[in-house]
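Structure first, commentary second.
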Amino acid sequence: MAEPDYIEDDNPELIRPQKLINPVKTSRNHQDLHRELLMNQKRGLAPQNKPELQKVMEKRKRDQVIK
């Protein structure tokens, strides 16, 4: 794939494109939940039934609806 022309130009008037931030990945709740799931998977504690996980996800969904 060809490089865009604006990369070669050193024109200070141009606004450089920036990568967008994913709000889900920067969310503290998401990071904590993901970290807990990874630790459980490493220990071999894969959830057979998911009541705790379902509770957390339902709470997050309710919080999002309230916002």
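The values are calculated or read from the model by the stated rules, or taken from the named source; none is laboratory data. Everything numeric here is computed off the predicted structure, so don't read it as measured data. Note that each Cβ is placed from the backbone with ideal geometry, even for glycine, and that neighbours are counted across all protein chains shown. For the accessible areas, the whole protein counts, side chains as well, though only heavy atoms, and no ligand, DNA or RNA atoms are used. Shrake-Rupley method; radii C 1.70, N 1.55, O 1.52, S 1.80 Å.
Among the residues of the stretch 10-37, those identified as open to solvent by less than 80 Å² (accessible area, probe 1.4 Å) and under 8 Å from the mean Cα position of the chain (by Cα) are 22, 24, 27, 30, 31. Just one of the numbered conditions (1) modelled with pLDDT of 80 or more; (2) touching a helix residue (DSSP H, G or I) at 6+ places or on another chain (Cβ under 7 Å) is not true of residue 20: (2).
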